[in-house]
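Only the coordinates and a few stated rules stand behind these numbers; no lab work does. If you're wondering where the values come from, they're calculated on a predicted model, not measured in any experiment. Here the Cβ positions follow ideal geometry from the backbone for every residue, glycine too, while neighbour counts run over all protein chains shown.
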Protein chains: 2
Amino acid sequence: MTSDQRPAKRGPYAKSAERRRSIIEAATEVFGSRGYKGGSLQDVADRIGLSQTGLLHYFPSKRDLLVAVLRHRDEITDTGPAESSGRDFAAILVDQAAFNESVPGLIELYTVLCGESVTDDYPARDYFVKRFDRVRREYAEELRTLAAAGRLRPGVDPARAAASIIALWDGIQLQWLLDNSIDMAACLRDYLDGIILPAPAKES
Amino acid sequence: MTSDQRPAKRGPYAKSAERRRSIIEAATEVFGSRGYKGGSLQDVADRIGLSQTGLLHYFPSKRDLLVAVLRHRDEITDTGPAESSGRDFAAILVDQAAFNESVPGLIELYTVLCGESVTDDYPARDYFVKRFDRVRREYAEELRTLAAAGRLRPGVDPARAAASIIALWDGIQLQWLLDNSIDMAACLRDYLDGIILPAPAKES
């Protein structure tokens, strides 16, 4: 806790928030190691010594819990334009890829749930469709800004490059989960170095 | 059947091979739409009017069936050095990516099973670890050949670029499954154009 934050609230509300958080963390492990379809609410409840009824008090359905888990992951691993203002787009992405190596459980969760998302009647399919669409638009916008500053390599299509950055990142995470010797951040940096031109030296 | 092939064998052997093939095709649909963990042998058997016991006569376990399904997919969609001799590496990959749009069921199958492969105790994890390792080595070798001919952009690392090609391809297939407007072949071509230099014009 930093000094400008208020002290944590005590009482029922704080306890409830803490319980929700522990359920989400348990579900992150269960869905990451067994998939959403393979993991059960009972597995999640068992992990923190709750009854399934107790768990359903916090999350009325498995689907609600899945959505909460995905949002929790987003808070930790997503990089958006707000965070990038004033910093170099490529540097932020490469830092994020390096950071992701420190949260393998979340990477596993994302990879497993992404793969499941293309199956029939998957409850979070819409989440992934919208997430990809949003991140593609954000990245394309960043690349157009770079193009306007003369920093996008001529011939690079911002929309396709945005989709390709995300694709390369998702795919390299999968390979890394299966073989930790893969250097995720370096692969991403290589790609970005190939499409983004160096910033001109600042005039003093 | 082309004219240089022998007529199909008749009798029990041909019938058995045909039955195996129909089981594999049914399993491809079931695992692709529900995942390996979510799809059951009964689902596969039902789809072709077999009993589960009848199916187990051909594939003694669900795991055996999974391996057969993955090999079947490889036969249709994998591009190896053998096929590439004498043809341009980049052109082969882009053609393959374009071809893959015609077999969405196999792409879905691959994407779902790849995602599942990082979960605990997944029977085909080893298949994916070895497959990625083999394809990375094959692609890196192709890129080293191009480098030796002066056709790899200076500074490109063949091993990382090989991993990145596969990653981009896997990731863009996932996005395409969720949004068919994504141009998979164009994204792959953009990347390859960025790392491979054009062949010099042939002297006449």
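For segment A:21-36, 3J(HN,Hα) computed residue by residue from phi via the Karplus equation (6.51, -1.76, 1.60; θ = phi - 60°) reads 5, 5, 5, 4, 5, 5, 5, 4, 5, 5, 5, x, 8, 10, x, 5 Hz, glycine and proline entered as x. Computed from point charges on the beta carbon alone (+1 for Lys and Arg, -1 for Asp and Glu), the dipole magnitude for the protein assembly as shown about its Cα centre is near 780 Debye. Projecting 7 Å from Cα along the Cα-to-Cβ direction, the label point of residue B:141 sits 4.6 nm from its equivalents in the other copies, listed shortest first.
By counting other Cβ atoms within 10 Å of each Cβ, how are A:37, A:62 ranked from fewest to most? Mind showing how you got there, number by number?
On the way: A:37 21, A:62 18.
Fewest-to-most ranking of A:37, A:62: A:62, A:37.
Highest mean packing comes first when the peptides B:40-51, B:136-147 are listed by Cβ atoms within 10 Å, giving B:136-147, B:40-51.
Tell me, rounded to the nearest percent, the portion of alpha carbon pairs in chain B spaced more than 28 Å apart. The proportion of pairs with Cα distances above 28 Å equals 39 percent.
Across segment A:33-70, the residues whose backbone nitrogen lies under 16 Å from the label position 7 Å along the beta-carbon direction of residue A:18 are A:48-50.
Just the C-alpha atoms of segment B:1-72: what Rg/Rh do they give, with Rh taken as the Kirkwood radius? Working shown, then result.
On the way: Rg = 13.4 Å, Rh = 12.9 Å.
Reported Rg/Rh (Cα atoms, Kirkwood Rh): 1.04.
Quick one: dipole size for segment B:1-72, taken about the Cα centre, charges +1 on Lys/Arg Cβ and -1 on Asp/Glu Cβ, in debye to the nearest 20. Please report the intermediate quantities before stating the final value.
Numbers: 13 positive and 7 negative charges, 42 e Å.
Its charge dipole is roughly 200 debye.
Based on the reciprocal of the average 1/r between different C-alpha atoms, the Kirkwood radius for segment B:78-199 equals 15.2 Å. When residue B:201 is represented by a point 7 angstrom out along its Cα-to-C-beta vector, the spacings to that point in the other copies are 3.8 nm, nearest first. Scanning chain B for the Cβ atom closest to the axis that brings B onto A yields residue and whole-Å distance B:115, 1.
For segment A:105-113, the Karplus equation 6.51 cos²θ - 1.76 cosθ + 1.60, evaluated at θ = phi - 60°, returns couplings of x, 6, 5, 4, 4, 4, 5, 5, 5 Hz by residue, with Gly and Pro reported as x.
Within 10 Å of each Cβ in peptide B:116-128, how many partner chain Cβ atoms are there on average? Round it to a whole number, please. Show your work: numbers first, answer last.
Working: counts 8, 6, 15, 12, 6, 2, 4, 0, 0, 2, 1, 0, 5.
Across B:116-128, the average partner-chain Cβ count within 10 Å equals 5.
Take peptide A:156-166, look around each residue's Cβ out to 10 angstrom, count Cβ atoms belonging to other protein chains, and average those counts.
Working: counts 3, 4, 0, 3, 9, 4, 1, 12, 12, 2, 5.
Counting other chains' Cβ atoms within 10 Å and averaging over A:156-166 gives 5.
Other protein chain C-beta atoms within 10 Å of residue C-beta, averaged over B:33-40: 5. Would you please classify the overall shape of the protein assembly as shown from the alpha carbon gyration tensor, given that a ≥ b ≥ c denote the square roots of the eigenvalues, rounded means a/c under 1.5, and beyond that prolate means a/b larger than b/c while oblate covers the rest? Cα axes put the protein assembly as shown in the oblate bin. Plainly put, the tip 7 Å out from Cα toward Cβ on residue B:159 is 3.8 nm from that tip on each other copy, the closest given first. Charge dipole of segment A:58-153 (Cα centre as origin; +1 on each Lys and Arg Cβ, -1 on each Asp and Glu Cβ, all else neutral): 300 debye, rounded to the nearest 20.
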